[in-house]
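Below: the structure, in structure tokens.
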Amino acid sequence: MRINQQDTQQDRQGRVLHGGAPYSGEVASTDPDSHRLITLVGYREGWPVHRRRWAGSGELVEDAQLPLPQADPADTESARAAEGAFAQGAQERNDGNTDAARTLFQRAADSGHPDVGPKALANLAVLEAAAGRTEQARTVFERAIATGHPDHAPQSLFNYAVFRQREGDPAHARELYQQAIATGHLEHARKALFNLGNLAAAEGRTDEAGDLFLRAMAPPFRGETAYRAHRRLREVDPGRLAEAREVYLRAIGSEERWTATMAHELLYDLDPEHHVPPPTIEIGRRTFALAEVEAVEWAGVVPRYGSGHVDVHTRDGEQHTVHLDLGDSEDRRGYDWLQRLNLGPDRR
């Protein structure tokens with residue numbers, strides 16, 4: 001699996017995290033000036049193990065194995081035990097064994113590990129809520145929030161708000177959503193803005209709901225929140241479509257490539273008639289200026305599942321053969337824009 005560096009965090013030990021857990025896979029970072037992939041790092045359990053770098057010309061200039069950091073054996077054993085208990089708890093939960101999951105999450109929470117402990121509490125709270133153990137859920141949500149963990153405390157504020165809203169206490173839910181927003185967490189604060197907007201809409205406060213949806217649409221973009229917010233805004237207050245477009249048009253001008261790329265996608269989803277194509281697309285690790293692409297066609301036999309080699313014909317008369325992998329996020333975005341602009345390749 002490959003993700004963008006913008007979608008990662010780091011824990012206190014320096015490991016790379018994705019979705020709150022140590023990440024195994026490849027992380028791509030790009031040069032904001034050339035928009036070219038310049039570094040690809042492979043991670044195992046959050047630690048970098050392999051790095052490749054490319055020059056602006058596309059030449060591979062580094063291909064290196066990286067040594068794993070040395071840790072104190074006692075700390076490593078304690079951390080491994082905590083992570084093991086959490087992983088077992090997650091598996092038991094997925095298998096429907098609530099009692100076993102509860103015991104293992106509690107063991108991980110009691111470990112004192114600065115990351116696994118709060119994560120275990122956050123998961124235990126949701127487990128108790130799903131099991132209908134209301135008082136226990138409240139207690140564990142409050143313990144998870146009290147840890148102050150930069151990821152799991154905001155996550156628990158958001159989840160606790162959802163729980164209280166479902167219990168029929170919108171006033172307390174609103175207070176918790178506001179606390180989650182105040183954390184400024186890149187993901188959970190925006191989800192809280194979206195849910196708070198839905199609360200306002202349900203209570204007939206249309207202007208307030210629209211303001212909250214517009215805030216939830218703002219970058220940095222994480223998950224599906226911006227998509228959901230602008231679609232809900234269209235339903236609740238379609239007269240603010242121009243304001244919604246402005247949010248994405250401003251983001252298109254961002255120097256951060258990921259933000260600008262996502263803003264193009266979001267604007268197209270919001271209002272296809274006012275879409276603004278990105279200046280460049282990437283296919284097969286090659287960057288093409290969209291204005292210079294004349295047509296794209298499959299090279300040889302049309303592949304059965306959509307991935308394969310394509311010939312990119314540019315206005316300077318050149319033909320570039322590259323591999324289009326629809327499982328790669330960059331290639332998928334490039335392909336989608338080619339389809340929207342009727343540049344090919346033909347669909348099956």
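What is the sum of charges, Lys and Arg at +1 and Asp and Glu at -1, for the other residues whose Cβ falls under 12 Å from the Cβ of Thr134?
0
List Arg133, Arg80, Arg190, Arg228 from most exposed to least, where exposure is judged by having the fewest other Cβ atoms within 10 Å.
Fewest to most other Cβ atoms nearby, the residues stand as Arg80, Arg133, Arg228, Arg190.
Placing +1 at every Lys and Arg Cβ and -1 at every Asp and Glu Cβ, with all other atoms neutral, what dipole size does segment 190-268 have around its Cα centre, in debye to the nearest 20?
220 debye
Just report the Cα centroid separation between segment 112-143 and segment 311-329, whole Å.
Comparing the Cα centres of segment 112-143 and segment 311-329, I get a distance of 50 Å.
Can you check what the net charge comes to around Asp316, using other residues whose Cβ is under 10 Å from the Cβ of Asp316 (Lys, Arg +1; Asp, Glu -1)?
-2
Taking the radius of gyration and the Kirkwood hydrodynamic radius from Cα positions alone, what is the Rg/Rh ratio for segment 200-276, to two decimal places?
Rg/Rh: 0.97.
Which entry is the computed volume of the Cα convex hull per residue in Å³ for this structure: [x] 150; [y] 162; [z] 187?
The calculated read-out lines up with [y].
Can you pull the Rg over Rh of segment 154-199, Cα-only, Kirkwood?
Radius of gyration relative to Kirkwood radius: 0.92.
Let's see if you can work this out: charge +1 on each Lys and Arg Cβ, -1 on each Asp and Glu Cβ, no other charges. What is the dipole magnitude of the chain about its Cα centre, in debye to the nearest 20? Show your work: numbers first, answer last.
Working: 41 positive and 54 negative charges, 126 e Å.
Charge dipole, the chain, about its Cα centre: 600 debye, nearest 20.
FYI, it's all coordinate maths here, none of it is from the lab. The model shown is predicted, which means the values in this text are computed figures rather than measured ones. Neighbour counts run over all protein chains shown; Cβ positions are idealised from the backbone, glycine included.
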